[in-house]
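The values are calculated or read from the model by the stated rules, or taken from the named source; none is laboratory data. If you're wondering where the values come from, they're calculated on a predicted model, not measured in any experiment. All Cβ positions, even for glycine, are placed from backbone atoms using ideal geometry, and neighbour counts span all protein chains on display. Ligands, DNA and RNA are stripped out before the accessible areas are found, and what is left, the full protein with its side chains, is counted by its heavy atoms. Shrake-Rupley method; radii C 1.70, N 1.55, O 1.52, S 1.80 Å.
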Amino acid sequence: MEAARQYNVHEAKTHFSKILEAVATGQEVIISKSGEPVAKVIPLRGKVRRTSRGSLKEPVVFHDDFDDISDDSGFAEAFGLREEGTAE
């Protein structure tokens with residue numbers, strides 16, 4: 001991973017849009033005051049970068065019982081599929 005780009009306060013104010021673009025692409029930016037780092041601007045969450053349809057590395061497989069909740073009594077009760085305390 002490459003080092004985060006560093007801006008002083010004046011540069012950060014002047015190039016705020018550029019900083020946001022860099023952060024949107026996954027980069028981290030450090031803001032410093034008087035040469036001392038005081039803040040880090042980081043992306044809120046990572047982006048999934050897919051280049052095209054079908055770009056997953058492995059095929060997605062759904063088993064016949066993928067939606068079977070018979071072994072999870074708490075799930076059925078939590079979503080109103082079965083009344084509390086009732087067994088099937």
Projected area, mean over directions - the stretch 1-41, Cα convex hull, nm²: 2.7 nm²
Separation of the residue 73 and residue 21 label points, Cα + 7 Å toward Cβ, nm: 5.9 nm
Under-5 Å amide H pairs with residue 28, H placed in peptide plane, nonlocal only: 5
Largest to smallest accessible area among 5, 53 [probe 1.4 Å]: 53, 5
Inter-site label distance for residue 39 and residue 53 at 7 Å from Cα along Cβ, in nm: 4.3 nm
Stretchable slack from residue 28 to residue 60, in nm (0.36 nm times residue separation minus alpha-carbon distance): 8.3 nm
